[in-house]
Amino acid sequence: MKIRLEDVTKTFQTFRAVHGVSLEIDSGELVALLGPSGSGKTTILRMVAGLEYPDGGAIYFGAENATHIEVRDRGVGFVFQHYALFPHMTVAENIAFGMKVSKRKRSQADVNERVGDLLRLVQLEGLGDRFPAQISGGQRQRVALARALAVDPKVLLLDEPFGALDANVRRDLRRWLRKIHDELGITTLFVTHDQAEALDLADRVVILDKGKIVQSGTPEQVCRAPENAFVMNFLGDANRLKVDVKSGKASFQDTSFDAHGLPDGPAELFFRPADVAWREDGHGIPATIIRVIDRPDSRRVLALTRNGQAVEFDTAPEFPFKAETEGFLDIRRPRIYALP
């Protein structure tokens, strides 16, 4: 099922949560809505689900205008962050609930067969008679997904589905969810603020800020070619230095960088901690190490440039230099954005 949003807006009292968002999600595609709190991602998801109605624009499911269709008639499955399981029902009863209240009537034998199939799909065979309090958080989230899939949805919507789980469980579940998606091929839209989750899972990542889409692309595209300073700063650690652009060159102290196509004037230079090499002498930005932080597989080095701007970079565990060492920062893959 293809989903299309055309110039969708949503206002709550005096606050506009979504500003003219247009987005297409292809049939069978898995798309992540990624952004900070208040960026509009959950509001967009709820409008697609039919839990909120837009003030302007339209939402299409295939060729059908679904903007004002009630939630129960949209054919969507919804998975919430906090499971929303019925505590007084067993795992099997929770999965069966949607089938029993849907307009499509099924025999008890059909319901039982479908529940069994879904328990196998989500790897919870043998746990159908347990109650939610008797299984782990990761297992409860699998039950929530099985319940959403029980009604054979055209579209699967997930709102921070792993946000309540610890890091190791989240990592395992997102790999498992990707496997399930590849098997079923259901059009899937999920909301997350976890960058690793979006990049691991999604075919395409849609990055939002203040109710607007600021970039959309594959994980490779948004990571390797961020279109603006917000995306560069939002996706992972980034160092930022203030620079001046003149005649296609950005200058920082005595070091210059290519800034072809940028207007003359103040700008910002961004680069990742992994894109810095420390040099004892020679080319680069003069700096002084102020601290070395040990990590299991690397070292994080904190340095100050001569004009007092902080830079962090990553090195191998064998990095021999200590605080107060002077040297040079050799920056690879810099990105420069004009100030608005």
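Every number in this text was worked out from the coordinates using simple rules, so none of it is lab data. Keep in mind that what you see is a predicted model, and the values were worked out from it rather than measured. Note: ideal-geometry Cβ built from the backbone for every residue, glycine included; neighbour counts use all protein chains shown.
Between the helical axis of 167-184 and the longest alpha-carbon principal axis of the chain there is an angle of about 60 degrees. Global size of the stretch 120-223: 14.8, 46 Å for Rg and Dmax (C-alpha atoms, Rg to one decimal, Dmax whole). A Cβ-based charge dipole, computed about the Cα centre of the stretch 1-97 with Lys and Arg at +1 and Asp and Glu at -1, lands at about 240 debye. Selection among Pro340, Ser22, Gly248 by position relative to the dipole of the chain gives Ser22 as farthest towards the positive end (Cβ unit charges, Cα centre). Using the average count of surrounding beta-carbon atoms within 10 Å as a protection proxy, the listed peptides 305-311, 237-243 rank, highest first, as 237-243, 305-311. To the nearest ten degrees, helix 137-149 and the longest principal axis of the Cα atoms of the chain are 60 degrees apart.
How fast does the chain diffuse by Stokes-Einstein, in µm²/s, taking the Kirkwood radius from C-alpha pairs at 20 °C and 1.002 mPa s?
Numbers: Rh = 22.8 Å.
Taking Rh from Cα pairs, D becomes 94 µm²/s.
So, by mean Cβ neighbours within 10 angstrom, what's the order for 245-253, 317-325 with the highest one leading? Mind dumping the intermediate values first?
Numbers: 245-253: 15.9, 317-325: 11.7.
Result, highest mean Cβ count within 10 Å first: 245-253, 317-325.
Principal-axis analysis of the Cα atoms of the chain puts helix 91-101 at an angle of about 70° to the longest axis. For the chain, averaging the sequence separation of C-alpha pairs within contact (under 8 Å, six or more residues apart) and dividing by the residue count gives a relative contact order of 16 percent.
Along the axis of the charge dipole computed for the chain (Cβ charges of +1 for Lys and Arg, -1 for Asp and Glu, origin at the Cα centre), the listed residues Thr67, Asn168, Gln123 are led at the positive end by Thr67. Given the pairs Lys249/Lys322; Lys210/Lys242; Lys41/Lys105; Lys154/Lys179, which span a C-alpha to C-alpha distance of over 28 angstrom in this model? From Lys249/Lys322; Lys210/Lys242; Lys41/Lys105; Lys154/Lys179, over 28 Å: Lys249/Lys322; Lys41/Lys105. Taking a straight Cα-Cα cut-off under 12 Å and skipping sequence neighbours fewer than 8 places away in the same chain, the aspartates and glutamates within cross-link reach of Lys212 are Asp7. Each of Asp330, Asp166 has some number of other Cβ atoms within 10 Å of its Cβ, and from fewest to most they run Asp166, Asp330. In the chain, a dipole from Cβ-located charges (positive for Lys and Arg, negative for Asp and Glu) runs towards its positive end, and of Thr90, Pro219, Ile285 it is Thr90 whose Cα lies farthest in that direction.
With runs of 4+ DSSP H residues as the only contributors, calculate the mean residue ellipticity of the chain at 222 nm using -39,500 (n - 2.57) per run, divided by the residue total and rounded to the nearest 500. Each step should come with its number before you reach the end.
On the way: 8 runs with 84 residues, N = 340.
When only DSSP H runs of four or more count, the value is -7500 deg cm²/dmol.
Under a model in which nothing but the beta-carbon of Lys, Arg (+1) and Asp, Glu (-1) is charged, the stretch 250-310 shows a dipole of about 340 debye around its Cα centre.
Overall, the chain carries a charge dipole of about 800 debye about its Cα centre when +1 sits on the Cβ of Lys and Arg and -1 on the Cβ of Asp and Glu, all other atoms neutral. Which whole-number percent gives the relative contact order of the stretch 148-287, counting Cα pairs below 8 Å spaced six or more residues apart? Once divided by the residue count of the stretch 148-287, the mean separation gives 14 percent.
Its Cα gyration tensor gives the stretch 240-338 an equivalent ellipsoid. The semi-axes, each the square root of 5 times an eigenvalue, are 26, 13, 11 Å from largest down.
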